[in-house]
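As structure tokens, the structure follows; a few thoughts come after it.
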Amino acid sequence: MEQGVSFDIELIRRYDQSGPRYTSYPTAVEFDTSFDEAAYRATCARSNESGRPLSIYFHIPFCDTVCFYCACNKVVTKDRSRVAPYLDRVYRELEMQGALFDDSRVVEQLHWGGGTPTFLNDQQMVELMETTRRHFKLADDEVGEYSIEIDPREADANTIALLRRIGFNRMSLGVQDFDERVQKAVNRVQSEAETMAVLEAARAEGFRSISLDLIYGLPFQSVETFMNTLERVIAVNPQRLSIFNYAHLPTRFKPQRRIRDEDLPTAEVKLDILQATIQRLTEAGYVYIGMDHFARPDDELAIAQQAGTLYRNFQGYSTHADCDLIGIGVTSIGKVDNTYGQNQRELDEYYAAIDAGRLPVFRGIELTRDDIIRRDVITRLICNFVLDIPAVEAAWGIDFKTYFADALDKLQVMVEDGLVELDAERIRILPRGRLLVRNICMTFDAYLAAKSGPVGFSKVI
């Protein structure tokens, strides 16, 4: 499969709109409280019949300082004593969750996100992994994909050695931008030396994949300054890069009110940064995976995309498509069987549920057959940029042209604009359509079609 991407600024401007990132379909906007603990327990019992492997996501919400751009669910505090009460509840949730799944089911994927997972001290990190192993069977290091998000200001070589020793073999490092003026404007002052020390330690300890995260659209950024950061990142040759678009939504996210509108680059400058970034990463040999993500051609994500086996979930792109995902901790979302379930979003409510001996699932959704079919189509497009129509028809017993008549009508404009190629056998997203893959997937979204007015999603570019 051709894995290139083409930048067409006029098309991007014309298709500039808000839309889902499709880490799930239906999206979390459709979750409701009729899906509760009882529904979740019934789902887990049903899922045991499948024998599918498991994936576990842990949300560690604490941060020492607030990054003004951040839109994550977090608790900003310098009081490290707040970790112990949180972990006590996480351990009890692990025990309750572990009892729901057959012992024969193996965890093949595990991720600590946040917040800042390394807000935990060494003993707490060891204890959390040991408790996880007590309640779940983890695959060995060769099979398991065990990842953690790292703030280099909260880690050093000793931390990295500990993380590798307790089982982590992948990490993502938050960089955002090395420019000091940008860092001060977003309250994320982090030296290049700090970042590179963690990266080199991870390589020395045998981490198999290292991803660096950058953000464009932050205060005072220009093409020149962002390219300076990018060149320094390319020089260390990470397996993966995530280049995120900063969405300035100060009415929704209070920390963003500390960022002045007049300091932000214009929409035109943001697009220039994106274009220059794509061109430079392509020259450096990186493959555009999709949705802000780039990888070296020998990385497992690029290989999976080439083979048509790439998958997408709440942690982003993945090679483990067949796992049931268990969400642990405040606000975590799981995907078990054909359902999504989310834990309480506030610490007090999360604690109250656990203390009462209840799982903290408070909302979610059970997918209909139509949801499952559309999720399959959207996943294939957003992961692999191509859809084998006869394969979808065979998998679901449908006539594609009839079932998706409305979507195919909407796609005709995109065909004329050169975003997609469409015939009876397949839908292929062309290089100039790959940056607009969210727009293409939106044509198959039955929930969006039924809505009018804004629904709170970020801009597609």
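The values are calculated or read from the model by the stated rules, or taken from the named source; none is laboratory data. The model shown is predicted, which means the values in this text are computed figures rather than measured ones. With ideal geometry, Cβ positions are generated from the backbone for all residues, glycine too; neighbour counts draw on all protein chains shown. These accessible areas exclude ligands, DNA and RNA; they are computed on the full protein's heavy atoms, side chains included. Shrake-Rupley method; radii C 1.70, N 1.55, O 1.52, S 1.80 Å.
Got a number for residues in region 226-244 being assigned to a helix (DSSP H, G or I) and open to solvent by 30 Å² or more (accessible area, probe 1.4 Å)? Working first, answer last.
In the first step, residues of region 226-244 are kept if they are assigned to a helix (DSSP H, G or I); the result is 226-235.
After this cut, where a residue has to be open to solvent by 30 Å² or more (accessible area, probe 1.4 Å) as well, the list is 227-228, 231-232, 235.
Of the residues in region 226-244, 5 are assigned to a helix (DSSP H, G or I) and open to solvent by 30 Å² or more (accessible area, probe 1.4 Å).
Per-residue answers, yes or no, for (1) free of Cβ contacts under 8 Å to residues at least 24 places away in the same chain; (2) of a type in the set (A, V, I, L, M, F, W, C); (3) under 29 Å from P250 (Cα atoms); (4) touching a strand residue (DSSP E or B) at 6+ places or on another chain (Cβ under 6 Å):
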{"position": "N121", "(1), (2), (3), (4)": "no, no, no, no"}
{"position": "Y146", "(1), (2), (3), (4)": "no, no, no, yes"}
{"position": "I160", "(1), (2), (3), (4)": "no, yes, no, no"}
{"position": "G167", "(1), (2), (3), (4)": "no, no, no, yes"}
{"position": "M171", "(1), (2), (3), (4)": "no, yes, no, yes"}
{"position": "F178", "(1), (2), (3), (4)": "no, yes, yes, no"}
{"position": "Q183", "(1), (2), (3), (4)": "yes, no, yes, no"}
{"position": "Q190", "(1), (2), (3), (4)": "no, no, yes, no"}
Residues that are over 11 Å from N48 (Cα atoms) and surrounded by fewer than 18 Cβ atoms within 10 Å (Cβ to Cβ), drawn from region 99-116: A99, V106
What are the residues in region 396-424 that are closer than 20 Å to A449 by Cα, of a type in the set (G, A, S) and loosely packed, with under 12 Cβ neighbours inside 10 Å, if any? A405
Report every pair of residues separated by at least 6 positions or lying on different chains whose Cβ atoms are under 7 Å apart, first residue within region 315-328 and closer than 20 Å to Y91 by Cβ, second open to solvent by less than 10 Å² (accessible area, probe 1.4 Å) and among the aromatic types (F, W, Y). I328/F58
Within region 109-163, track down each residue that is among the polar types (S, T, N, Q), under 24 Å from the mean Cα position of the chain (by Cα) and more than 19 Å from I210 (Cα to Cα). T132
Going residue by residue through region 208-220, is there one that turns out to be part of a helix (DSSP H, G or I), of a type outside the set (K, R) and touching a residue at least 40 places away in the same chain (Cβ under 8 Å)? no
Where the second residue is in a loop (DSSP other than H, G, I, E, B) and open to solvent by 50 Å² or more (accessible area, probe 1.4 Å) and the first is under 17 Å from S318 (Cβ atoms) and lies in region 32-61, which pairs have Cβ atoms under 6 Å and are six or more apart or on separate chains? R52/D322
L387 meets each of (1) hydrophobic (A, V, I, L, M, F, W, C); (2) crowded, with 20+ Cβ neighbours inside 10 Å; (3) out of contact with any Asp or Glu (no Cβ under 8 Å at 6 or more places or on another chain); (4) within 30 Å of F62 (Cα to Cα) with one exception, condition (4)
Scan region 282-308 for residues that are among the β-branched types (V, I, T) and either touching a residue at least 40 places away in the same chain (Cβ under 8 Å) or open to solvent by less than 30 Å² (accessible area, probe 1.4 Å) (or both) and jot them down. T282, V287, I289
Taking Y340, is it open to solvent by less than 10 Å² (accessible area, probe 1.4 Å) and closer than 20 Å to E37 by Cβ? yes
